[in-house]
Amino acid sequence: DLNLSNIVSVDGRVKESTISAKRMMVILLISGVVLATALILFSTRTILRPLQLVTESAREIQKGNLDLALPVGANDEIGQLAEAFNAMTAKLREFRRSNRAQLFRLQKTTQLALNSFPEAVAVVGLDGKIELANDLAVKRFQLVPGYDLVKHEHKILWSMFQETFATLAPVQSKGYDKAIQMFINGNEYFFLAQTVPIIDESKLLNGVTLVLIDVTNLRRIDESKS
């Protein structure tokens, strides 16, 4: 009887210990899940979210948007990364402003240089559209920037552009019979066209310069001689 009662007593204590262990395991499991969830949320807010902002900002910079700044939080690795990123975008904005100012000055100087030429001069892009033109080219021949040369009434300009584009060599109208006749303010004028390729150091064509030379007086002298 004593042995049986001891066995029953031990078995009861084992069962209670097992139940208690199971309860403890459940409590630990729930605590672990709660702790893991809290850690994930904390990581998302403190680590993943700032990294996501850096990634999105990098994509915006790739699109050309430099007017942005990341919020700088604690002075940790993420905060230092945000500070470095903001410093980089500030440098890029400054570089863009200086480049724009330099480009504007270059365009203005180039335009003034073209306007100083005594002849009508225009720069034609590889797509056949006018990129730059001086005042004479605009007033006399309507060669405004953006105009498609193929639509011009004087088809010889387009054919000469095509020949220069294909051969990478200058093309010049030969003979007064190839001159373009125009009437300006009731007066008759004659112009000879010339196209010159614009080739870079890599021997690649960047455009074509179109020059229209006023040969009215020379034509009259030639007619007088005849």
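A few comments on the model shown:
- Boolean, LYS178 is at pLDDT below 85, open to solvent by 90 Å² or more (accessible area, probe 1.4 Å) and touching a strand residue (DSSP E or B) at 6+ places or on another chain (Cβ under 8 Å): yes
- Of all residues assigned to the stretch 140-151, at least one qualifies as being within 23 Å of ASN115 (Cα to Cα) and of a type in the set (Lys, Arg).
- Test result for ARG105, open to solvent by 100 Å² or more (accessible area, probe 1.4 Å), assigned to a helix (DSSP H, G or I) and either at pLDDT 85 or above or farther than 30 Å from VAL138 by Cα (or both): yes
- Check on LYS225, under 28 Å from the mean Cα position of the chain (by Cα), without any contact (Cβ under 8 Å) to a residue 24 or more places away in the chain and open to solvent by 100 Å² or more (accessible area, probe 1.4 Å): no
- Subset tally (residues that are of a type in the set (Val, Ile, Thr) and touching a residue at least 24 places away in the same chain (Cβ under 8 Å)) for the stretch 78-133: 5
- Test: residue in the stretch 129-147 that is more than 27 Å from the chain's Cα centre (by Cα), open to solvent by less than 90 Å² (accessible area, probe 1.4 Å), β-branched (Val, Ile, Thr) and at pLDDT below 90: no
- For GLU83: the one exception among (1) outside any loop (DSSP other than H, G, I, E, B); (2) surrounded by 12 or more Cβ atoms within 10 Å (Cβ to Cβ); (3) at pLDDT 90 or above: (3)
- Here PHE42 meets the list (1) modelled with pLDDT under 75; (2) open to solvent by less than 100 Å² (accessible area, probe 1.4 Å) almost entirely, failing just condition (2).
- Which numbered condition GLN162 misses (of (1) in a strand (DSSP E or B); (2) surrounded by 12 or more Cβ atoms within 10 Å (Cβ to Cβ); (3) without any contact (Cβ under 8 Å) to a residue 24 or more places away in the chain): (1)
- Enumeration of residues in the stretch 108-117 that are open to solvent by 80 Å² or more (accessible area, probe 1.4 Å) and in contact with a helix residue (DSSP H, G or I) (Cβ under 8 Å, 6 or more places away or on another chain): PHE117
The values are calculated or read from the model by the stated rules, or taken from the named source; none is laboratory data. On a predicted model such as this, the values are computed, not experimentally measured, just so you know. Here the Cβ is made from the backbone with ideal geometry for all residues, glycine too, and neighbour counts use every protein chain on show. What goes into the accessible areas is simple: the full protein's heavy atoms, side chains included, and nothing from ligands, DNA or RNA. Shrake-Rupley method; radii C 1.70, N 1.55, O 1.52, S 1.80 Å.
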